[in-house]
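Worksheet: one structure, shown below.
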Amino acid sequence: MKLYMVPLAPNPVKVMLYMAEREALGAGLPIEKIIVNTLKGKHKTPEHLARNPFGSLPVLEIDEGQYICESRAIIDYLEDAFRDHPLFSADLKKRARQRDMERICDVRLAEYLGSWVHAYKSPIGLPPNAAQARDLEERMQPALNFLNDVLADGREFVCGDVASPADCTLQAFLNFMRFTGKNLITEYEHITRWDTVYRARDIVAPVITI
């Protein structure tokens with residue numbers, strides 16, 4: 001099994017954080033990591049487009065000629081393929097909450113934040129767009145307010161006392177934000193605390209680049 005990825009890009013980082021969390025719990029994930037250099041256009045080569053016609057990353061090769069191209073689908077596949085020490089809870093209600101929070105982090109915040117990075121200071125050289133960046137900052141406010149309120153009780157992780165894919169998604173995109181040099185969470189005391197604590201964990205340091 002192979003994971004085609006690139007450091008810093010948020011969706012590959014999301015999956016790598018998920019793998020690090022699983023491995024810290026004791027799960028064995030025999031997956032080879034292969035870097036696809038997007039700055040050199042390697043994601044647009046015929047070789048990579050044969051793996052993923054959209055040219056995006058990450059891509060999980062589950063068998064020769066069989067690929068999964070979406071980060072959340074990769075996480076779900078790994079949860080099912082390697083059953084020991086899962087990251088999603090076995091409890092139905094807790095698992096539903098974990099899934100709900102991950103989707104809130106992704107759809108309500110990360111989608112805007114990823115676009116904001118490229119509008120503000122793109123790592124792939126797209127021209128800045130100040131108006132778009134301001135609009136995206138406004139669109140992120142409801143999710144940031146919500147997550148700040150959720151984390152106000154001092155919890156270590158987004159869903160309570162154990163890590164879940166919601167933490168992986170949130171951290172991956174905050175890591176992407178830091179590339180720009182602008183901190184959008186300064187005024188959010190509880191998100192800032194969570195971010196500091198989560199990044200300080202030994203298992204996270206090898207994955208987070210900034």
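Values quoted throughout were computed directly from the atomic coordinates according to the rules given, and no laboratory measurement underlies them. Keep in mind it's a predicted model, so treat the numbers as computed, not measured. Every residue, glycine as well, gets a Cβ built from its backbone with ideal geometry; the counts of neighbours run over all protein chains shown.
What does the helix-only formula give at 222 nm for the chain: each DSSP H stretch with n ≥ 4 adding -39500 (n - 2.57), the total divided by the residues, and the result rounded to the nearest 500 deg cm²/dmol?
Computed ellipticity for the chain at 222 nm equals -15500 deg cm²/dmol.
Please work out how much length the chain gains when fully extended from Arg134 to Leu49, using 0.36 nm per residue of separation minus the C-alpha to C-alpha distance, in nm with one decimal.
Details: separation 85, 0.36 × 85 = 30.60 nm, distance 3.35 nm.
Full extension of this stretch gives 27.3 nm more.
About the Cα centre of the chain, what is the dipole size in debye to 20, counting +1 per Lys and Arg Cβ and -1 per Asp and Glu Cβ, all else neutral?
So the magnitude is around 500 debye.
Given a cut-off of under 8 Å on Cα pairs at least six residues apart, what relative contact order in percent is computed for region 20-83?
For region 20-83, the relative contact order is 20 percent.
With Rg and the Kirkwood Rh both taken from Cα atoms, where does Rg over Rh land for the chain?
With Rg and the Kirkwood Rh in hand, the quotient comes to 0.96.
Considering amide H positions built from the backbone, and no H for Pro or chain starts, which residues 5 or more places from Ile35, or on another chain, come under 5 Å of its amide H?
Counting only residues 5 or more places away or on other chains, the set is Met5.
Please tell me which of these pairs span more than 30 angstrom C-alpha to C-alpha: Lys14/Lys121; Lys42/Lys94; Lys14/Lys93; Lys14/Lys94; Lys14/Lys40?
Lys42/Lys94
Would you please state the base-10 log of I(q)/I(0) at q = 0.15, 0.16, 0.21, 0.26 1/Å for region 2-81, with intensities from the Debye formula using one equal scatterer on every alpha carbon?
For the requested q values the scattering log ratios are -0.48, -0.55, -0.93, -1.36.
Per q in 0.12, 0.14, 0.17 1/Å, what log10 I(q)/I(0) does a Debye calculation on the alpha-carbon atoms of region 92-199 return?
Values returned for q = 0.12, 0.14, 0.17 Å⁻¹ are -0.39, -0.53, -0.76.
Return the whole-Å distance between the Cα centroid of region 23-59 and the Cα centroid of region 86-138.
Cα centroid of region 23-59 versus Cα centroid of region 86-138: 20 Å apart.
Within 10 Å of each residue's Cβ, count the other Cβ atoms and sort Glu21, Glu111 from fewest upward.
In order of increasing Cβ crowding within 10 Å: Glu111, Glu21.
Does a label point 7 Å from the Cα of Ala152, set along Cα-to-beta-carbon, have any residues of region 169-187 with amide nitrogen under 14 Å, and which are they?
So the set is empty, nothing qualifies.
Let me know the shape class of region 54-153, please: from the alpha-carbon gyration tensor, a ≥ b ≥ c as square roots of the eigenvalues, rounded when a/c is under 1.5, otherwise prolate if a/b is greater than b/c, or oblate.
It comes out oblate by the Cα gyration axes.
If I build a Gaussian network model for the chain, linking alpha-carbon pairs within less than 10 angstrom, which residue out of Pro165, Pro58, Pro86 has the largest mean-square fluctuation?
Greatest mean-square fluctuation among the candidates belongs to Pro86.
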